[in-house]
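The values are calculated or read from the model by the stated rules, or taken from the named source; none is laboratory data. Please read these numbers as outputs of a predicted model, since none were measured by experiment. Methodologically, a virtual Cβ is constructed for each residue, glycine included, from the backbone with ideal geometry; neighbour enumeration extends over all protein chains shown. With ligands, DNA and RNA removed, areas are computed over all heavy atoms of the protein, side chains included. Shrake-Rupley method; radii C 1.70, N 1.55, O 1.52, S 1.80 Å.
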Amino acid sequence: MPETSTVPDLYETTRRSLLGEPKELPPVWLYDEHGSQLYERITRLPDYYLPRREAEILRARADEIARRTQARTLAELGSGDARRTRFLLDALTKLGTLERFAPVDVSEAILRESAWAISVDYPELAVEPIVGDFGELDAIPPDGPRLVAFLGSTIGNLYPAQRAELLARLAAELRADDALLLGIDLVKEPGRLERAYHDAGGVTEAFVRNALTAVNRELDATFEQRRFVYEPRWDAEHEWMEIALRARAAHTVAVGRLGLELAFRAGERLRVEISAKFRRERFEPELRRAGLCVDAWWTDGAADFALVLARPGE
């Protein structure tokens with residue numbers, strides 16, 4: 001559950017999302033402690049290629065990223081267990097510039113565990129964890145140069161307008177000597193994408209269904225798992241994976257804490273998350289509109305994934 005100070009905003013966002021068309025649950029409900037543990041299991045699945053492709057690029061380019069940024073502060077938005085971030089930590093500590101690491105995550109339990117592990121393995125660093133979502137930019141330590149990492153293609157979970165707003169906020173927050181490192185998943189054959197979000201062992205389905213469990217617990221809701229089918233699908237028009245649950249039959253769900261009675265039609269989808277995929281020719285202009293310019297663009301050998309190093313400026 002998020003910090004108490006963020007609860008009213010989350011409740012209102014959830015209310016608006018559930019009353020929208022299509023009905024949605026904000027993806028923050030995926031990431032309670034159990035959900036965060038399930039997601040870490042997903043990152044190890046054979047068909048979920050994203051972490052391996054990103055790690056391949058980080059392994060090859062971390063030293064170059066360190067030289068280009070000379071970062072004293074490394075901040076990571078949506079840090080999770082910070083496993084792949086260690087490539088950057090190793091490179092920056094070897095270079096001798098890094099002084100502090102500021103991981104940001106909504107799961108306090110996962111954040112506490114990963115921050116402790118980093119502080120043990122990198123005792124020379126000040127580790128300053130921040131509980132919150134990836135909008136908590138004001139809490140990032142001011143000491144620069146700073147490298148803000150947003151890995152795992154988490155930015156793809158935002159709708160275009162939300163993405164534009166976050167990128168503009170980042171551009172406004174970054175100083176001339178700061179840099180932003182983005183991990184983005186690239187457009188590819190839809191069958192591969194659908195397999196990545198529908199593993200045979202059902203871990204991804206359990207992760208998505210956990211959002212219903214979290215909402216039932218925190219919002220006194222009556223979502224019943226048996227009434228919904230897990231159904232991720234590729235949206236070719238928007239070039240994103242839509243992660244959703246489809247109602248098996250018409251029924252009503254109460255959300256007590258929000259005072260809602262939600263009528264679901266048979267076959268109606270409850271969207272839980274999107275995962276946008278990117279093309280360079282479209283993403284670079286998006287960065288420029290936000291006030292960011294590309295300093296470097298790297299892909300893995302299969303061109304499945306990209307790391308983008310960006311800086312403020314046109």
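If you scan the stretch 209-252, which residues turn out to be assigned to a strand (DSSP E or B), open to solvent by less than 40 Å² (accessible area, probe 1.4 Å), within 27 Å of residue 12 (Cβ to Cβ) and of a type in the set (Val, Ile, Thr)?
243
Pick out the one residue from 49, 39 that is under 30 Å from residue 188 (Cβ atoms) and open to solvent by 40 Å² or more (accessible area, probe 1.4 Å).
Just one listed residue meets the conditions, 39.
For residue 128, state whether it is modelled with pLDDT of 95 or more, closer than 22 Å to residue 66 by Cα and either under 16 Å from the mean Cα position of the chain (by Cα) or open to solvent by 50 Å² or more (accessible area, probe 1.4 Å) (or both).
No.
Determine whether residue 120 is in contact with a Ser or Thr (Cβ under 6 Å, 6 or more places away or on another chain) and either at pLDDT 90 or above or within 27 Å of residue 185 (Cα to Cα) (or both).
No: the conditions fail for residue 120.
Out of the residues in the stretch 83-98 meeting the condition of being touching a Pro at 6+ places or on another chain (Cβ under 9 Å) and open to solvent by 10 Å² or more (accessible area, probe 1.4 Å), tell me which one is modelled with the lowest pLDDT.
So, considering only residues that are touching a Pro at 6+ places or on another chain (Cβ under 9 Å) and open to solvent by 10 Å² or more (accessible area, probe 1.4 Å), the one modelled with the lowest pLDDT is 83.
For every residue, the table says whether it meets (1) in a helix (DSSP H, G or I); (2) touching a residue at least 40 places away in the same chain (Cβ under 8 Å); (3) open to solvent by 10 Å² or more (accessible area, probe 1.4 Å).
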{"site": "175", "(1), (2), (3)": "no, yes, yes"}
{"site": "180", "(1), (2), (3)": "no, yes, no"}
{"site": "184", "(1), (2), (3)": "no, yes, no"}
{"site": "191", "(1), (2), (3)": "yes, no, yes"}
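When you scan the stretch 73-84, do you find a residue that is under 16 Å from the mean Cα position of the chain (by Cα), farther than 25 Å from residue 193 by Cβ and not charged (D, E, K, R), even just one?
Yes, that holds for at least one residue.
With the condition kept exactly as written, say whether any residue in the stretch 72-82 is over 24 Å from residue 31 (Cβ atoms) and surrounded by fewer than 16 Cβ atoms within 10 Å (Cβ to Cβ).
no
Considering only residues that are of a type in the set (Gly, Ala, Ser) and surrounded by fewer than 16 Cβ atoms within 10 Å (Cβ to Cβ), look in the stretch 277-314 and name the one that is nearest to residue 242 (Cα to Cα).
Taking the candidates together, the pick is 303.
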